[in-house]
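Read the structure below first, then the notes.
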């Protein structure tokens, strides 16, 4: 408590590490704006994950003939929209030099499209699955503002603050992914039928309630980006300009060569990590229904509880990141704490049961008398008859390692990516990074449709294990390149005879000098220059 009081006294007295770059009021406004973008990241990722465990049973209820193949397309529609629009939003942000208008536009779109998802029962039943597809695509397109969020965070934090800020942003992202299913579980008591409104045309049930939660939070987020609440306070370019002594912010970042191998490798690593996490989250509901013969309600309840536990594990993991970065190199943390643990998680999900899972046939469904039939659909997925079943122990252990490895890897990748880009405008590059994560979420459901449905669990988790292992090896090979860039040239300052400098730049190298007091020494220094 005494430490906190001392920190407060220092802030009130204007004693802080960025005092030469901003006033106390600017500092407070800057950190308030940073916290708003944390909240935005949470809302946008929640918009994808809060309905992810309910999309399949909701689609199956609205159109029983849609099938798992179309379900994969519905899940992929969200990241596809985000992937297409992320670079566009990033370019828009760079072009106008502001994040407010892109953010307000995207949040308005997010609110409307999420409302449409919750009101799907009002759409014509003949093509209702396509309306669901369209609503999820628009939700994804509006979520492209994540590129703007990452770009603003990079410009609104100093080099020292960057790791902690990106860690908090990643925490918001991971919690959005993991807590979404927990909220879906919390509204599951509403049941499949729910509470009817408007003469029974619309129902507040366990599927639509999740969508309305998104609408409420997005409306709050929209208000937070109005001028009365949000003021942009960039500082990264100021800091770099002061350190390098350049004449303008543009000269500052132009003096830094960009290592494209390192940048594109981090984009690839981000894609691989996101792909594996989202595939597991997308596959979760069909997987447990097939492997353990759980009903729809049981699947939502149990998987929601498991993902909530994963959120707690992620929280504990994030609390250890800051002390870990003080003791170990960030690259090592990413490699061994992120990628390696994800490899272990994928290996643990390769089935080791001694018998196939419970089977479900078309004949059983025909004789069910409107009762839900559970099990692995052997007519649709022939591998169910001979592939060993996954065990509950495997499910828990694999998800635990994923809940630890994913937040570590995703956080450190984004931190290194931001630092390697330096003080240059990052809108488009952050759009590329966000787009790679979206591409992974597009391919995840496709992977489900063509690999899981046709080939089964052994092929699914074996292929993802190999993918993670190869990426881990590549990151180790380029380990030495994953560092922030250094200026290509350092300006030579003018030397005053009254107060000569202690460090002089000669042809790109520095020579340390003792303090010079007499005029003769000063003249010699000028001659050297």
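Name the residue, out of 112, 119, that is at pLDDT 85 or above, over 30 Å from residue 21 (Cβ atoms) and in contact with a strand residue (DSSP E or B) (Cβ under 9 Å, 6 or more places away or on another chain). Before you say what the answer is, go through the steps one by one.
Values: 112 fails: in contact with a strand residue (DSSP E or B) (Cβ under 9 Å, 6 or more places away or on another chain).
The unique qualifying residue is 119.
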Looking at residue 69 and the list (1) in contact with a helix residue (DSSP H, G or I) (Cβ under 7 Å, 6 or more places away or on another chain); (2) buried (at least 21 other Cβ atoms within 10 Å of the Cβ), which single condition is not satisfied? (2)
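Each row is one residue, and each column tells you yes or no for (1) modelled with pLDDT of 90 or more; (2) under 23 Å from residue 468 (Cα atoms); (3) touching a helix residue (DSSP H, G or I) at 6+ places or on another chain (Cβ under 6 Å).
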site: 363; (1), (2), (3): no, no, no
site: 396; (1), (2), (3): yes, yes, no
site: 410; (1), (2), (3): no, yes, yes
site: 424; (1), (2), (3): no, no, yes
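Taking the stated definitions as given, is residue 143 in the same structural domain as residue 59 (by TED's automatic domain parsing) and at pLDDT below 80? Give the steps one after another, and end with the answer.
Values: in the same structural domain as residue 59 (by TED's automatic domain parsing): yes; at pLDDT below 80: no.
In short, no.
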Mind listing whichever residues of the stretch 283-297 are at pLDDT 80 or above and crowded, with 16+ Cβ neighbours inside 10 Å? 283, 284, 285, 286, 287, 288, 289, 290, 291, 292, 293, 294
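For the condition within 21 Å of the chain's Cα centre (by Cα) and assigned to a loop (DSSP other than H, G, I, E, B), what is the one hit in 163, 157? Write out each step before concluding.
Working: 163 fails: assigned to a loop (DSSP other than H, G, I, E, B).
Going through 163, 157 in turn, the sole match is 157.
The values are calculated or read from the model by the stated rules, or taken from the named source; none is laboratory data. This is a predicted model, so every value here is computed, not measured. No Cβ is skipped: glycine too gets one built from the backbone with ideal geometry, and neighbour counts run over all protein chains shown.
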